[in-house]
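Structure record follows, encoded as structure tokens.
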Amino acid sequence: MALQWLILTYVVAAEVVITLVLTLPYPMLLKKRVVQLISLILQPAASIVAFAGFQLLDIYWKAEHRLSCSSEVCTATERDRYEKSIYKAQRNVVLCAAGILLYWCIYRICKYNKDLERLEATEKRYKEE
């Protein structure tokens, strides 16, 4: 059960590193190569969006069907277990949202750099004419 969250944590950490690498200032030639490499990785990495979305649906379903412990019948242990499960669910929602948001940021940064490269090529072509 915890393996899926461990995988998602590693993927989000990798996305953070990729985002940092994309936003560092490099010479233009190196920047183009890095953007090309990461653009090749983006399409297979799109599965993280579906995976995180599925995990969000799973969290929602579990939240809807979770036994609430709000009456005085609950013992202290049951109340602690209930609160711990709520905190874990909140942490996992943040993790899923971060995974989706970071993927979108990486996609937009790559698209922005490709558009910038295309505009520079167009400008160079017009200057040659």
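The figures follow:
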{"quantity": "Å³ per residue enclosed by the Cα convex hull of the chain", "calculated": "126"}
{"quantity": "Scattering profile of region 1-45 at q = 0.20, 0.23, 0.31 Å⁻¹ [log10 I(q)/I(0), Debye over alpha-carbon scatterers]", "calculated": "-0.70, -0.83, -1.09"}
{"quantity": "Fluctuation leader among Leu42, Leu56, Leu67 - the chain, Gaussian network, Cα springs under 10 angstrom", "calculated": "Leu67"}
{"quantity": "Taking the C-alpha atoms of region 27-93, convex hull volume expressed per residue in Å³", "calculated": "105"}
{"quantity": "Radius of gyration and Dmax over the Cα atoms of region 60-124, both given in Å", "calculated": "22.8, 76"}
{"quantity": "Sulfur and carbon atoms: percent of accessible area, the chain [1.4 Å]", "calculated": "67"}
{"quantity": "Under the span-like rule (Cα at least 30 Å along the axis, Kyte-Doolittle mean at least -1.0), DSSP H helices of the chain", "calculated": "2-23, 76-128"}
{"quantity": "Separation of alpha-carbon centers, region 1-30 and region 56-125, rounded to whole Å", "calculated": "15"}
{"quantity": "Estimated 222 nm signal from helices in the chain, with DSSP H stretches of n ≥ 4 weighted -39500 (n - 2.57), rounded to 500", "calculated": "-31000 deg cm²/dmol"}
{"quantity": "Out-of-range pairs (alpha-carbon distance over 28 Å; input Lys88/Lys114; Lys32/Lys127; Lys31/Lys88)", "calculated": "Lys88/Lys114; Lys31/Lys88"}
{"quantity": "Solvent-accessible area of Leu101 with every protein chain in place, 1.4 Å probe, in Å² to the nearest 10", "calculated": "100"}
{"quantity": "1.4 Å probe accessible area per residue over the chain, in Å²", "calculated": "75"}
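The values are calculated or read from the model by the stated rules, or taken from the named source; none is laboratory data. Note that the structure is predicted; figures quoted are calculated from it, not measured. Just the protein is used for accessible areas: all its heavy atoms, side chains included, with ligands, DNA and RNA removed. Shrake-Rupley method; radii C 1.70, N 1.55, O 1.52, S 1.80 Å.
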